[in-house]
1. Return the long-range amide H neighbours of N151 (sequence gap of 5 or more, or a different chain), with a cut-off of under 5 Å between placed amide H atoms.
2. In what sequence do H131, H20 fall when counting other Cβ within 10 Å, fewest first?
3. D211 versus D245, label points 7 Å from Cα toward the beta carbon: distance in nm?
4. To make sure I understand, if each residue's beta carbon is the centre and we count other beta carbons within 10 Å, what order do W167, W173 fall in, fewest to most?
5. Could you give each residue of the range 114-130 its phi-based ³J(HN,Hα) in whole Hz, using Karplus coefficients 6.51, -1.76, 1.60 with θ = phi - 60°, and x for Gly or Pro?
6. For the range 219-230, what does the Karplus curve 6.51 cos²θ - 1.76 cosθ + 1.60, with θ = phi - 60°, yield as ³J(HN,Hα) per residue in whole Hz, taken in order and with x for Gly and Pro?
7. Do the sum for the chain: with -39,500 (n - 2.57) for every DSSP H run of n ≥ 4, divided by all residues, what is the mean residue ellipticity at 222 nm, to the nearest 500 deg cm²/dmol?
8. Provide I103, I40 in ascending order of the number of other Cβ atoms located within 10 Å of each residue's Cβ, fewest first.
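What follows is calculated from the coordinates using simple rules that are stated; it is not laboratory data. Predicted model only: the values in this text are computed from it and were never measured. Glycine also receives a Cβ, built like all others from the backbone with ideal geometry; neighbour counts cover every protein chain displayed.
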Amino acid sequence: MPEPAAVRSDVTRALVVVAHPDDVDFGAAGTVASWTAAGIAVSYCLVTSGDAGGFDDTPRDQMAGLREEEQRAAAAELGVTDLTFLRYADGEVTPSLALRRDISRVVRRVRPQRVLTQSPEYFWERLGVSHPDHRATGEAALAAVYPDARNPFAHPELLADEGLEAWTVPETWVAGCPPERVNHAVDVGPTLAAKLAALRAHRSQTAHRDDLESLVSGLLARNAARFADVIPAGAQYVEAFQVVDTS
């Protein structure tokens, strides 16, 4: 188990970069709720609109718009109102230069002291966490954090045409990482209700699950048991991350 991470206390703006609507809510909604409660302004960047998702007979041409609506509603449950949808095709995400540029654009606009994204590595114990879109998004987001967004000569059109100055992100949190990478955990017991409310807002993904609360609380409780070395004292439900100094 890695040493517990030193987490910055001077964060006023954070950016979450994930592949699909609902990814942030399954992986980090309790953490986001704790950030907004502490006065941190949180922005979301969604790479796709989740057009390949859903479990019912919703027409495919309506799914992307529906899932964007659901994500806005879920974000509102956590106090997040700034959302950017890049609208890449669901299921077809690659860590392309174009995606790196588009994420860099959002980083330079938001100018966050902290970015939260998905792991580019496989999580072999729960392969669903390592959807190809998740890994591609994580790889592109990490490339945007370093070196693209901080380099004024990378994607020069961002500065020349859009006036977006280079920005260095000093801290990056990686969700869904292999367990041996986890070096920080957040007590989400106080924000569990908000997390569940956000997840229920994704009706196209969760309305068929009568076991949503037990599923989510069970995963968070197992995190608390597994990552005892890095969790806050007394925490029963935690979200776990790899925190990386990217200054």
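1. When sequence neighbours closer than 5 places are left aside, the close amide H contacts are W167.
2. H131, H20
3. 4.3
4. Ranking W167, W173 by Cβ neighbours within 10 Å, fewest first, gives W167, W173.
5. 9, 10, 10, 9, 9, 6, x, 9, 6, 9, 5, 6, 9, 4, x, 5, 9
6. 5, 5, 5, 5, 4, 4, 6, 6, 10, 4, 6, 10
7. So the helix-based figure for the chain works out to -11500 deg cm²/dmol.
8. By the 10 Å Cβ count, ascending, the order reads I40, I103.
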